[in-house]
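K.L.:
Before I ask anything, let me first share the structure, which is written out below as structure tokens.
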Amino acid sequence: MLYHMYELQHAILTPVRIWTDHTLHALRHPWNPLAHTPVGRFLAATCDQFEHITRRYGKPKFGLDNTVIDGETAPIEEQIVDRKTFGQLKHFKRLNVERNDPKLLIVAPLSGHYATLLRGTVEAMLPDHEVYITDWRDARNVPVFEGSFDFDDYIDYVIRFLEHIGPNTHVMAVCQPCVPVLAAIALMAAEGHECAPPSMTLMGGPVDVRQNPTQVNELASTKPLSWFENNVIVQVPPPNPGFMRKVYPGFLQLAGFMSMNLDRHFEAHRTIFRHLVAGDGESAAAKREFYEEYLAVMDICEEFFLQTVQRVFQDYALAKGELVWWDGEKVEPAAVSRTALMTVEGAKDDICGIGQTRAAHDLCVNLPDNMRLHYEQPGVGHYGIFNGRRWREEIAPRVKDFIRTFDQEGRGREAAA
């Protein structure tokens, strides 16, 4: 019923939004005398904010049309190079570029937001890498007859995507996928897989949530799994293609995200409103750009969500050496000995506490010291690890140097040996 009420609310507000949108255009029309008065700008700002807050945001576009390499502009073409039921592999093909740059698979989180949340991450890496990204599919758009998607499937998708790109492909995991990515690489290492990556970079992920638990960790660990099943799992209503599929809906995830820093979000919208009333549309647009991405959310399959809660946040399966994959195959991070490991944390991260990502080094016990690197970025929270000025100027250059060190089919490893 919860999802039905959400859909009903959206339907009820649709005519109000249409009326508000027409009113907004009328209030901002240059021939309208009211448009040039404080009262007119106040009314227009009110309409603008109402439309913005009540809008349902669809999947955003990456919009990365070009990049700059060695001072020259190179066009970018987005290519879907592999397509699976619950996700696709996207390649940002750099046209007219003749460079043998490292291949990089960025594994985006499946935790409510679309892969486009990592637009800034991709943008920073494009000048120096052939970048691929996992582009996950909104579960409400996947018909029930196409099957389910769980934690083990996520690991399998990472392995299959690495196989598709080919050997000597580096991996970067941001937030939630740090655990399944480390698991996938451990499985590939144990097998001696030719596509095992030469390096992996884990950024702000819950490898061991027992380290400095945050509010998110405490909620996940103190509630029984049945609580999540009964309170946040609902069926997708018609007319969505995924009708009858059980999901953790995006609108509930968004409510959880915003409740953690409600005062900050409220103040941000007040600031946008003041900019609009003052006629400073450029400043309002700068803040609005973030929220247009932040408010675009997707549904997650029940199986994947509940298994993630149980294995990562309640059982600490990987951290305790108890994680198994599909038919009982044990995941052994100790098998990782030829994939260099870099971990990145933010000093003010309130989602993944300090030490949770760094714990990966304790698990990969057979990795030589000269193939390890940990970096803690001062002054940034969770999103600042992979987006914004600190990411571009301080974190990304370190990640690029790390990848270069271990690129070219193990040349870096041989030099280190």
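K.L.:
If you check THR271, THR308, which single one turns out to be touching a helix residue (DSSP H, G or I) at 6+ places or on another chain (Cβ under 8 Å), in a helix (DSSP H, G or I) and within 17 Å of VAL207 (Cβ to Cβ)?
P.N.:
Numbers: THR271 fails: within 17 Å of VAL207 (Cβ to Cβ).
Sole residue among the options that is touching a helix residue (DSSP H, G or I) at 6+ places or on another chain (Cβ under 8 Å), in a helix (DSSP H, G or I) and within 17 Å of VAL207 (Cβ to Cβ): THR308.
K.L.:
Let me ask something else about it. For TYR114, all conditions in the list (1) crowded, with 22+ Cβ neighbours inside 10 Å; (2) at pLDDT 95 or above; (3) under 10 Å from the mean Cα position of the chain (by Cα) hold save one; what is the number of the exception?
P.N.:
Condition not satisfied by TYR114: (2).
K.L.:
What is the residue count in region 372-394 for residues that are over 17 Å from ALA360 (Cβ atoms), part of a helix (DSSP H, G or I) and among the hydrophobic types (A, V, I, L, M, F, W, C)?
P.N.:
The qualifying residues number 1.
K.L.:
Quickly run through region 311-354 and pick out the residues that are among the aliphatic types (A, V, I, L, M), closer than 21 Å to MET172 by Cβ and part of a strand (DSSP E or B).
P.N.:
Across region 311-354, the qualifying residues are ALA340, LEU341, MET342, VAL344.
K.L.:
On to the next question. Only one of these is acidic (Asp, Glu), outside any strand (DSSP E or B), out of contact with any Cys (no Cβ under 8 Å at 6 or more places or on another chain) and modelled with pLDDT of 85 or more: GLU123, GLU78. Name it.
P.N.:
GLU123
K.L.:
What tally of residues in region 70-81 results from selecting those that are touching a residue at least 24 places away in the same chain (Cβ under 8 Å) and under 19 Å from the mean Cα position of the chain (by Cα)?
P.N.:
Of the residues in that region, 1 qualify.
K.L.:
Quick check on my filter: what residues within region 48-69 are among the charged types (D, E, K, R), in contact (Cβ under 8 Å) with a residue 24 or more places away in the chain and either outside any helix (DSSP H, G or I) or in contact with a Cys (Cβ under 9 Å, 6 or more places away or on another chain) (or both)?
P.N.:
Correct list: ARG55, ARG56, LYS59, LYS61.
K.L.:
Evaluate the following for ALA340: is it at pLDDT 90 or above and either over 28 Å from ALA396 (Cα atoms) or buried (at least 17 other Cβ atoms within 10 Å of the Cβ) (or both)? Don't jump to the end; show me each part of the working.
P.N.:
Values: at pLDDT 90 or above: yes; either over 28 Å from ALA396 (Cα atoms) or buried (at least 17 other Cβ atoms within 10 Å of the Cβ) (or both): yes.
Taking the combined requirement at face value, the residue satisfies it.
K.L.:
A follow-up question, please. Have a look at ARG99, ARG41 and point out the one that is of a type in the set (Lys, Arg), more than 30 Å from CYS301 (Cα to Cα) and without any contact (Cβ under 8 Å) to a residue 40 or more places away in the chain.
P.N.:
Working: ARG41 fails: without any contact (Cβ under 8 Å) to a residue 40 or more places away in the chain.
From the options ARG99, ARG41, the qualifying one is ARG99.
The values are calculated or read from the model by the stated rules, or taken from the named source; none is laboratory data. Just so it is clear, the structure is predicted and the values come from calculations on it, not from any experiment. In this analysis, Cβ positions are derived from the backbone assuming ideal geometry, glycine residues included, and neighbour counts consider all displayed protein chains.
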